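Asker: Attaching a single structure in structure tokens format; questions to follow.
The values are calculated or read from the model by the stated rules, or taken from the named source; none is laboratory data. What you are looking at is a predicted structure, and each value in this text was computed from that prediction instead of being measured. Only protein heavy atoms, including side chains, enter the accessible area calculation; ligands, DNA and RNA are left aside. Shrake-Rupley method; radii C 1.70, N 1.55, O 1.52, S 1.80 Å.
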Amino acid sequence: MADTPSAVSATSNLHDTASASVESASTQTQSQVKSNPRSSTPRGPPLHQIYALPVPIRTFPLPSFYPNNPISLFHVIYAWASQLISPPPPEPAVIHKGVWSPETRSIHIKDPKSIRALWEQGFFGKGNYSRSEPNWFKREQARRGKHEGHVAEDLTAQRREERKMMKWDRARKEQEAIQRTRLLEAWVAPVGPVELLALPNSHCDLVPTFSNGSANRELAENPATGGLENVDETTNGVPLNGASLPLSTTTVKTTTKVVVAEKDETPAPPGMNGHSPRPCTPTEPPKRRKSVRFSPKVESATFQLSDPPSPHRGAQPNGSTVDGNHTVGSAPPSRLTEPGLSEPLLESTNISETRSESNDVQLVDKEHLQLCLEEAFYLVFALGALTVLDPSTGKPFTASDLFTLCRQMSYIPPRQINLQPDDPFLIHYAVYHHFRSLGWVARPGIKFGVDWMLYNRGPVFSHAEFAVMVLPAYTDPWWKSEGRRPPQRSWHWLHTVNRVQTTALKTLVLAYVDIPPPFEENLGAVEILKRYRVREFIVKRWLSNRNRD
């Protein structure tokens with residue numbers, strides 16, 4: 001009866017210790033997460049100033065007129081008179097140049113000023129060495145320590161690391177809460193006299209005893225060899241140190257391929273490696289270590305090229321190499337090192353020399369901006385801010401020639417004749433031009449399995465809000481008379497695409513393009529594009545617990 005409060009108090013102390021350790025671990029993790037603040041580097045101009053223009057042209061609108069404010073009328077008259085007397089320069093003031101690439105079916109912009117202008121004024125194209133923004137040169141300078149500004153990819157990596165640490169800390173707290181709950185549920189207080197009398201009264205009751213009454217498992221299993229702690233093991237009756245022992249005190253262990261010999265661990269002298277030897281208590285069993293020796297048959301085995309791959313094939317401790325010519329039992333070839341230098345020191349010296357050599361090499365910007373067909377034709381046809389050069393002749397394409405080239409290259413394989421009204425370029429460009437004219441920033445959406453992603457202002461301000469899937473619609477009577485139908489889409493396909501967009505917190509938009517009947521080949525781009533109509537439908541998942549209202 002007197003031991004019951006002590007048992008309960010011990011359990012409560014155990015819980016208090018666990019909770020204290022949990023709190024200290026969480027505090028340490030939070031301090032570790034907060035100990036990596038973002039580097040205080042000088043910030044540049046704000047984003048709304050860098051990306052002020054939505055397209056690479058400038059506009060000069062008149063100020064607004066308010067009927068209830070007569071002064072605004074004088075403001076409008078003054079602005080109109082100033083533009084009439086000194087008209088603004090024609091736009092676009094700068095026409096960028098690009099080169100047609102038949103290998104990639106895209107247009108390449110190689111001028112650094114044009115690259116920055118097209119990205120900062122409408123978010124056109126992508127860098128060939130970057131995910132989106134062409135900043136490979138800035139990243140390379142930051143990697144070599146020659147750039148002190150912020151790099152978008154570095155900030156993204158830092159945010160992902162912070163998010164990973166936060167998720168890890170949250171998962172750790174959940175596991176610790178589960179462990180505390182299990183400890184609380186596992187403890188059942190004794191409620192009767194039989195349970196109280198069954199509680200241990202001393203430490204001796206907690207030590208397990210064996211069949212012979214000994215507390216040592218090894219001595220209980222091998223009573224005959226229990227006193228031979230200081231005697232070396234022998235093989236075939238001959239001791240390892242050359243002395244003779246009786247046959248009754250020898251132990252012989254043989255196997256077919258692997259011979260395992262247990263050898264007593266000799267106590268280390270005091271002060272070895274800076275540590276004092278651990279005292280050996282009578283109740284503690286002697287520590288033994290095992291040494292494995294392969295048979296000659298296994299030692300002669302070699303690795304062949306047809307063997308399955310192994311993660312440690314390149315550096316085996318027993319001398320095997322990747323090509324299989326080096327046997328297992330032989331020693332690996334030693335690397336040449338300078339006298340007086342160890343291998344790790346020599347490797348670090350070589351790494352530092354390589355880094356210094358790479359820093360001395362002059363860095364050249366090798367990245368170019370890559371425009372898809374729809375983006376390039378929009379800049380040429382709608383804005384007039386781009387000129388595309390033919391790589392074979394060096395002459396610029398006209399708008400009609402580029403329109404025909406884009407239509408031909410949209411087919412796989414490319415076509416020279418027999419262009420149809422429902423070719424991929426016409427359908428996708430109609431949707432791209434439609435949303436660009438409405439003020440949306442349209443970007444390719446292959447990452448999310450759709451045709452276009454719609455941004456409110458641009459990818460540097462916010463994530464895309466809508467994901468557009470382009471679908472042709474043959475609603476004209478001519479197509480119905482010909483029996484032409486759009487490609488069949490299953491409900492499984494629709495739910496798959498919608499589920500991906502919902503997981504990414506985007507809204508799926510189905511853009512149906514009404515295909516006109518066949519037209520003459522000599523028509524221009526303006527007459528052809530006027531015949532297309534775009535209809536938009538938003539698709540959302542209906543959930544009963546979220547869409548009650």
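Asker: If I stretch the segment between D169 and E185 completely, what's the gain in nm (0.36 nm per residue apart, minus their alpha carbon distance), one decimal?
Answerer: The D169-E185 span can extend by a further 3.3 nm.
Asker: Once fully extended, how much extra length lies between Q408 and N68, figured as 0.36 nm per residue of separation less the alpha-carbon to alpha-carbon distance?
Answerer: Full-extension gain reported as 116.8 nm.
Asker: I've got another one for you. Please turn the phi angles of segment 116-129 into ³J(HN,Hα) values with the Karplus equation 6.51 cos²θ - 1.76 cosθ + 1.60 (θ = phi - 60°), one per residue in order, whole Hz, x for glycine and proline.
Answerer: 5, 5, 5, 6, 6, 10, x, 6, 8, x, 8, x, 6, 10
Asker: Quick one: accessible area per residue over segment 113-173, 1.4 Å probe, rounded to a whole number of Å²?
Answerer: 58
Asker: State the percentage of accessible surface on segment 392-549 attributable to carbon and sulfur atoms; use a 1.4 Å probe and exclude ligands, DNA and RNA.
Answerer: Carbon and sulfur together cover 54 percent of it.
Asker: Quick one: order E195, E367, E153 from most to least accessible surface, probe 1.4 Å.
Answerer: If we order E195, E367, E153 from most to least accessible, we get E195, E153, E367.
Asker: Residues of segment 484-541: accessible area per residue at 1.4 Å, in Å²?
Answerer: Value for segment 484-541: 69 Å² per residue.
Asker: Let me ask another. Which percent of the accessible heavy-atom area of segment 43-169 goes to carbon and sulfur, probe 1.4 angstrom?
Answerer: About 60 percent, which is the carbon plus sulfur part of the accessible surface.
Asker: Sticking with this structure for a sec: How much length is gained if the chain between N201 and K395 is pulled fully straight, taking 0.36 nm per residue apart and subtracting their Cα-Cα distance, in nm to one decimal?
Answerer: The N201-K395 span can extend by a further 59.8 nm.
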